[in-house]
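The values are calculated or read from the model by the stated rules, or taken from the named source; none is laboratory data. Everything numeric in this text was worked out from a predicted model, so none of it was measured. Cβ coordinates were reconstructed from backbone atoms using ideal geometry, including for glycine residues, and neighbour counts include every protein chain displayed.
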Amino acid sequence: MLGFLRKNPRRDAIDTLYERIAAASRQPQLYLALGVPDTLEGRFESLVLHAFLVLRRLRRLPAPADEAAQNLVDALFRQLDRSLRELGVGDFGVPKRMKKLAQAVYDRAGRYDPALDASDETTLAEALGRNLFDAARPARALARYAIAAEAELAMLDLDLLFRQGPRFPPPERFAEGGP
């Protein structure tokens, strides 16, 4: 009868992974050194990029990584739903906004995937710049960061990913005019 009060270890592990991704997406140096706008939209873009990079890693790992990837997507959308409600979006407006957010996430994945597959910094910078700066300029530093992050994530198997969390490089290493 009180089974719903028991902890679900799989969901806890996914929630912890999501929290680590969210924390990485909020690193101040992403905003200060790499120019991600410190706005609601900029934070969304950073979160989507970091989640996308981890999902790409999960896609390349053997089962049950595919289940973990789906659970992570579910956790991402649960949090987006929660955030909309905290922002005051009413029950009738949430589904419509969630549909737009889901489309935005999948659009970004469709643009980032081929660029990362080809390690094409220029195309990735243009795609990131389109989302962050309305195509006013490419996000070159963020593209270099994303390519390096993917390389660091490639060193993790499923167990390490859950035990230690995703590894992302220090953003300040990729600042324009940096080393």
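Per-structure values
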read-out	value
Among the residues listed as ARG78, ARG108, ARG82, ARG144, the single one being assigned to a helix (DSSP H, G or I), touching a residue at least 60 places away in the same chain (Cβ under 8 Å) and charged (D, E, K, R)	ARG108
Residue match in the range 24-33 (condition: closer than 22 Å to ALA13 by Cα and in contact with a Phe, Trp or Tyr (Cβ under 6 Å, 6 or more places away or on another chain))	yes
Cross-chain or 6+ apart pairs with Cβ under 8 Å, the range 148-165 first and without any contact (Cβ under 8 Å) to a residue 40 or more places away in the chain, then hydrophobic (A, V, I, L, M, F, W, C)	ALA148/PHE174; GLU152/PHE168; GLN164/LEU156
Condition met for LEU72 (assigned to a helix (DSSP H, G or I), surrounded by 17 or more Cβ atoms within 10 Å (Cβ to Cβ), out of contact with any Ser or Thr (no Cβ under 6 Å at 6 or more places or on another chain) and touching a residue at least 40 places away in the same chain (Cβ under 8 Å))	yes
The listed residue being part of a helix (DSSP H, G or I), modelled with pLDDT of 95 or more, touching a Gly at 6+ places or on another chain (Cβ under 9 Å) and surrounded by fewer than 18 Cβ atoms within 10 Å (Cβ to Cβ), out of GLU152, GLU172	GLU172
Residue that is surrounded by the most Cβ atoms within 10 Å (Cβ to Cβ), among those in the range 21-40 that are among the hydroxyl-bearing types (Ser, Thr, Tyr) and either in contact with a Ser or Thr (Cβ under 7 Å, 6 or more places away or on another chain) or in a loop (DSSP other than H, G, I, E, B) (or both)	SER25
Residue within the range 41-55 that is touching a Ser or Thr at 6+ places or on another chain (Cβ under 6 Å), touching a residue at least 24 places away in the same chain (Cβ under 8 Å) and within 23 Å of GLU172 (Cα to Cα) present	yes
ALA136, sole failed condition from (1) of a type in the set (Gly, Ala, Ser); (2) more than 17 Å from the chain's Cα centre (by Cα); (3) surrounded by 12 or more Cβ atoms within 10 Å (Cβ to Cβ)	(3)
The range 166-179 - residue that is in contact (Cβ under 8 Å) with a residue 40 or more places away in the chain and small (Gly, Ala, Ser) and, of those, farthest from PRO9 (Cα to Cα)	GLY178
